[in-house]
1. Looking at the stretch A:66-75 only, could you name the residues that are open to solvent by 90 Å² or more (accessible area, probe 1.4 Å) and at pLDDT 75 or above?
2. Looking at the stretch B:161-176, which of its residues are out of contact with any Phe, Trp or Tyr (no Cβ under 7 Å at 6 or more places or on another chain), part of a loop (DSSP other than H, G, I, E, B) and surrounded by 10 or more Cβ atoms within 10 Å (Cβ to Cβ)?
3. Output the residues belonging to the stretch A:115-132 that are crowded, with 23+ Cβ neighbours inside 10 Å, of a type outside the set (S, T, Y) and in a strand (DSSP E or B).
4. For a quick check of your reading of the model, give me the residue pairs whose first member lies in the stretch B:227-242 and is within 14 Å of chain A (Cβ to nearest Cβ) and within 19 Å of A:A40 (Cα to Cα), whose second is part of a loop (DSSP other than H, G, I, E, B) and hydrophobic (A, V, I, L, M, F, W, C), with beta-carbon atoms closer than 8 Å and at least 6 apart or on different chains.
5. Identify all residues within the stretch A:148-197 that are surrounded by fewer than 17 Cβ atoms within 10 Å (Cβ to Cβ) and touching a helix residue (DSSP H, G or I) at 6+ places or on another chain (Cβ under 6 Å); write none if there are none.
6. Quick test for you: out of A:L37, A:L31, A:L79, pick the one residue that is away from every other protein chain (no Cβ under 11 Å) and within 30 Å of B:R283 (Cα to Cα).
7. Looking at the stretch B:75-123, which of the residues that are without any contact (Cβ under 8 Å) to a residue 24 or more places away in the chain and closer than 29 Å to B:P273 by Cβ is nearest to the other protein chains (Cβ to nearest Cβ)?
8. Would you mind stating whether B:V53 is in a strand (DSSP E or B) and outside the structural domain of B:S201 (by TED's automatic domain parsing)?
Amino acid sequence: MFPCGDRALLAEVADLDAVAAVRAALRRAPLPGQVELVPAARTVLVVLDRAPTETDAARLRRLPLTDPAPAPDTGLVELSVVFDGPDLAEVAALARRPPSSVVETLTTIEFTVAFGGFAPGFGYLAGLPPELSVPRRTTPRTRVPAGSVGLAGSFAGVYPRESPGGWQLVGRTDAVLFDVHRDPPALLAPGIRVRLREVR
Amino acid sequence: MLTVLAPGPLATVQDLGRPGWASIGVTTSGAADRAAHGLANRLVGNEPAAATVEVTAGGLRVRAGRTLLVAVTGAPVPVSVDGRAAPFDAPLTLSAGAELSLGRPAIGLRSYLAVRGGVDVPPVLGSRSTDSLSGLGPPRLTAGDRLPVGTLSAGEPFVDVAPVRPLPARPVLRVLPGPRRDWLAQEAWALLTSQEWSVTSDSDRVGLRLAGPRLDRARHDELPSEGLVPGAVQVPPDGAPVLFLSDHPVTGGYPVLAVVTTPDLSLAAQLRPGDSFRFRAVR
């Protein structure tokens with residue numbers, strides 16, 4: 001548990017499952033004055049509208065790190081993906097498998113949105129097998145088109161809009177990931193399950 | 001209705017931002033100097049949720065479409081109405097057709113123009129703020145923009161002029177230790193809180209890039225990205241700290257050495273490129 005200024009606490013835990021458990025517990029029973037909950041890879045930032053107290057820190061320390069209650073179903077999103085990304089061959093080479101086998105694996109995984117944060121609507125999708133954990137590109141691209149599906153480290157992700165980026169691009173989707181006129185605005189939010197379906 | 005005749009170097013609509021959306025990657029945004037924004041609203045009897053115009057480095061000129069009660073606060077600028085000097089930090093009536101003009105601040109960076117009823121551009125995710133990082137909210141103001149005036153006023157304003165402490169010539173920002181102090185070399189905290197820092201030109205509503213002594217890392221492994229707060233002082237690999245303001249990214253992947261206290265964020269938002277200041281440890 002780390003203090004983070006006079007309005008927030010940063011809880012550090014071991015892994016994504018513990019992050020999900022802490023996030024779920026604080027959504028069910030927020031701290032008094034809780035205004036923001038920011039899950040990440042190994043931390044959950046809890047922002048309050050007041051100075052945190054020792055009681056808040058103690059409550060966070062007591063939170064279960066495995067979710068005892070079955071997680072409420074937050075839904076399944078299916079993304080139609082054309083697997084023609086410029087880095088698919090590179091990813092296949094790193095995995096020592098043919099590209100078709102990489103695509104087959106990617107389309108059988110049920111991913112879970114672990115956390116967001118890179119841009120509005122971006123979700124870090126957890127669930128990749130170790131052999132598809134690939135490093136970021138050594139030189140990031142200055143322009144990655146919206147809808148690009150990429151891999152980096154143990155995550156997959158979809159660029160919600162055009163931006164610079166260093167993920168290895170394996171495909172693209174037409175799905176609109178973020179739209180302020182939609183409720184909810186983000187297609188992907190922490191806890192949502194995601195499947196990639198191959199289209200040509 | 002207020003018609004923008006000239007926006008100055010940068011003018012945006014701002015309110016208290018969009019808290020609650022960070023988990024889908026949307027930062028809070030909102031007025032960089034919350035104290036000055038709040039004062040401007042109070043001077044014209046607005047509700048706290050009303051939006052104002054955040055004017056960066058002065059230069060804004062607007063025309064009133066009807067009789068309007070307005071107030072200008074924040075970085076002190078010469079205010080004039082139809083060429084005649086008008087008060088600052090005080091409510092001010094514009095008659096229909098009158099032109100309000102803001103000069104350049106001699107000190108400070110951001111001034112706030114409140115209009116009774118609030119600037120009523122369409123809200124996006126519950127806020128009228130321009131988020132310069134993700135492009136949410138209205139675009140920056142340009143000449144010819146017509147800003148509707150809303151109905152977010154509470155009681156009658158009852159203050160003639162607000163006593164406001166002048167911006168300090170030698171600013172000091174109070175800081176608390178950040179969550180990753182141990183990722184920096186042992187002397188980093190002492191350097192941060194004892195040396196003078198200056199604001200570089202590579203600074204905006206996202207954050208201030210600082211120049212001063214180089215802050216070295218103690219750990220060189222990669223920190224997984226984690227949630228950020230406004231006021232966080234993050235140290236990238238080049239050793240030059242960044243002090244985040246309203247439009248900070250939701251998460252960051254470099255260690256946060258210190259966090260500026262909430263009351264002092266308003267002062268941080270008034271620092272301009274070239275300004276020198278110090279951090280003072282409060283714990």
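1. Correct list: A:T66 only.
2. Across the stretch B:161-176, the qualifying residues are B:V161, B:A162, B:V164, B:L167, B:P168.
3. A:F115, A:L125
4. From residues that are within 14 Å of chain A (Cβ to nearest Cβ) and within 19 Å of A:A40 (Cα to Cα), the pairs are B:G227/A:A40; B:G227/B:V250; B:L228/B:V250; B:P230/B:L245; B:Q234/B:L228.
5. Within the stretch A:148-197, no residue meets the criteria.
6. After ruling out the rest, the residue left standing is A:L31.
7. Step by step, filter the stretch B:75-123, then rank; the result is B:F88.
8. Details: in a strand (DSSP E or B): yes; outside the structural domain of B:S201 (by TED's automatic domain parsing): yes.
Considered against the rule, which asks whether it is in a strand (DSSP E or B) and outside the structural domain of B:S201 (by TED's automatic domain parsing), B:V53 comes out as yes.
The values are calculated or read from the model by the stated rules, or taken from the named source; none is laboratory data. Not measured: the values here are computed from a predicted model. No Cβ is skipped: glycine too gets one built from the backbone with ideal geometry, and neighbour counts run over all protein chains shown. In case anyone asks, the SASA skips ligands and DNA or RNA and just uses the protein heavy atoms, side chains included. Shrake-Rupley method; radii C 1.70, N 1.55, O 1.52, S 1.80 Å.
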